1. In which sequence would 241, 217 go, from the one with the fewest C-beta neighbours within 10 Å to the one with the most?
2. Considering Cα pairs under 8 angstrom that are at least six residues apart, work out the relative contact order of segment 36-90 and quote it in whole percent.
3. Want the number for residue 104 to residue 120: 0.36 nm per residue separation, take away the alpha-carbon distance, what's left?
4. Given a Förster distance of 35 angstrom, what is the FRET efficiency for residue 36 paired with residue 175, based on the Cβ-Cβ distance and rounded to 0.05?
5. Can you figure out the FRET efficiency of residue 94 with residue 247, using R₀ = 35 Å and their beta-carbon distance, to the nearest 0.05?
6. Modelling each spin label as a point 7 Å along the Cα-to-Cβ direction, I'd like the residue 220/residue 78 distance in nm, to one decimal.
7. Could you order the peptides 116-128, 44-56 from most to least packed, using the average number of other C-beta atoms within 10 Å per residue?
8. Please give the contour-minus-distance gain from residue 153 to residue 87: 0.36 nm per residue of separation, less the Cα-Cα distance, rounded to one decimal in nm.
């Protein structure tokens, strides 16, 4: 009797079918889940590229490819986002191989390395640096740009273990932070970064030659005045500061020293 079922039909191997399906229809990219650190890192990236004034929660969500409301699982709002940005940027000091948390070659080398580390942060994130200068610190005695209690402890320990009295170490801390803040705010402002909300980053100062007719020396020296000597000025000012602190150290060892 003839077989009415007809010729056998080839059934593909399940493994081969799966492999072919994956090859023909690959899955979409796996999205990395959001967490607070990723949100803060993206905010730094956004500010570096677009400036602080452009930062909103909605734009941050778009930058990360999510709805703005999704960010509120990780930050409570824009203020919390900015505080986190400052903390994360200052934390870059811990990853800087040129900066030591404790002095290895004396207090002056420690301060030089720390100053250059802070300057590298300011240059890498000029639009973020005004935040470091202006956001409320963790405690009233913590001064920007060394906003971390850990760095304050490190600074005071580095100086007191090298002969600075308590008063001299505090005086050094005030002088050092004032130097860093003043110099670096001036440097980032010269790069076109608005330091206050009233600053216009698009506005380029322009002085016509005829307006300098009454100021012949200003006109004569204008090419020299326009040169960028930020690095040399930073080095010279830092050296002068360290020499001043050396005098503070000597004087602090005298009886009756007060700050």
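All of the numbers you see were taken from the coordinates with simple rules; none came from a lab. Remember, predicted model here, so these are calculated numbers, not experimental data. FYI the Cβ positions are ideal-geometry reconstructions off the backbone, even for glycines, and counts take in every protein chain you see.
1. Numbers: 241 20, 217 8.
Going from least to most buried by this count: 217, 241.
2. Computed value for segment 36-90: 40 percent relative contact order.
3. 3.7 nm
4. 0.50
5. Step by step, r from the Cβ atoms, then E = 0.65.
6. 5.0
7. 116-128, 44-56
8. 22.1 nm is the gain from fully extending residue 153 to residue 87.
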